[in-house]
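Here is the structure we will look at.
The values are calculated or read from the model by the stated rules, or taken from the named source; none is laboratory data. On a predicted model such as this, the values are computed, not experimentally measured, just so you know. We place every Cβ from the backbone using ideal geometry, glycine too, and count neighbours over all the protein chains shown.
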Ligand code: SDX
């Protein structure tokens, strides 16, 4: 019974869509991008090669990859009018607020020439988004700290180019360690796609109406921002800083078990994984390696390790199959790379753009695709008659 209506107890959520992009087995902790295990891609591939794989369905050969890389590099610049648009934001606006606006504004730059019936134009829109999102992300950050925007150095590879736009201060060239660029590229691979998560489902729902792909991705950025989703990496670091010391983790675990507290262990739990998130395992090992190679000794890593140990031993978490997810350790690496906390979710958005455009492209060529129209379980009043004002 829901108030006045009964509904079929067999009501089950139907699958949102069919897709061949990514496969997840939440119980076994398996994640495949176009059939390739995330562990193998993390150890052998690059983010741009993974972006090609997600978009096209196959790993590129040398010629295909060089051509793809050339196309992406050719589209890294943004129109100068973007600068005017960007400078209209409050300078201290959260970079994700700027990203939503800036990506939505891309629709105004390319809408006129975009014929979604044309496969080549759809592919070009996907390339433009993968190419320009790092440029826009770095511009949002630099504007927020009062630095001049830097143009992309197109002689650099994708992730290194982004770090140079982000961090190269006007006075001295950024000496980037290969470790930093490789670590960020690996994080981009791990965040590139994840089946029908909230932001990807948002992109597909908006795309199902025939909306402009730039508007679709802007909607995806907005969905990703929430702390229950992509915003969790920023929330994890704030949580670890609030816990402060390894000896305080027990109190945090107890607080998270008390529903009234409204406090949850950020970076724990997942809608699908009821086992370890395979990405979390890779990132945890990577965190120790990267901090070691960079000579960074971050006390928050000790807090994270102790918090994970305490939670994984606690029945409350074990019974609910709450394990660390992709966001639990990633913030510690971003911090070690000198990425500011407010940019953590922007990092996620840069990587997930590859997944968003791949799902959008897939949807555009699906002959069975229809406009998304989720239904509901109605819990309101049964039909009733209007009452005149003097009768109420
Ligand atoms: C991402 O979908 C994707 O694929 C997302 C993502 C991707 O790559 O796109 O993987 C990225 O978004 C990872 C998730 C990042 N979010 C967080 O780390 C935020 C903290 N986690 C939780 O808010 C929560 O675990 C969710 C939102 C991730 C999942 O929520 P669920 O599966 O809906 O779990 P639930 O709310 O139904 O909770 C089940 C039980 C509840 O207790 P009971 O009512 O059974 O007593 O577990 C408890 C919850 O209170 N619980 C937690 C908890 N998460 C769930 N208790 C403490 N801490 C937590 N983190």
Testing residue 354 on (1) assigned to a helix (DSSP H, G or I); (2) in contact with a helix residue (DSSP H, G or I) (Cβ under 7 Å, 6 or more places away or on another chain); (3) modelled with pLDDT under 95; (4) within 13 Å of the ligand (Cβ to nearest atom), one condition comes back false. Which one is that? (3)
Could you list all residues from the stretch 20-55 that are under 23 Å from residue 72 (Cα atoms) and part of a loop (DSSP other than H, G, I, E, B)? 21, 34, 45, 46
Every residue in the stretch 198-223 that is within 8 Å of the ligand (Cβ to nearest atom) and touching a residue at least 60 places away in the same chain (Cβ under 8 Å), please. 199, 200
Checking the structure you have, find out if any residue of the stretch 23-43 is within 20 Å of the chain's Cα centre (by Cα), at pLDDT below 95 and on the phi > 0 side of the Ramachandran plot. yes
Residue list for the stretch 66-85, restricted to those being in a helix (DSSP H, G or I) and within 17 Å of residue 215 (Cα to Cα): 82, 85
Single condition residue 121 does not satisfy, out of (1) touching a strand residue (DSSP E or B) at 6+ places or on another chain (Cβ under 8 Å); (2) in a helix (DSSP H, G or I): (1)
Can you find even one residue in the stretch 359-374 that is touching a strand residue (DSSP E or B) at 6+ places or on another chain (Cβ under 7 Å) and closer than 30 Å to residue 164 by Cα? no
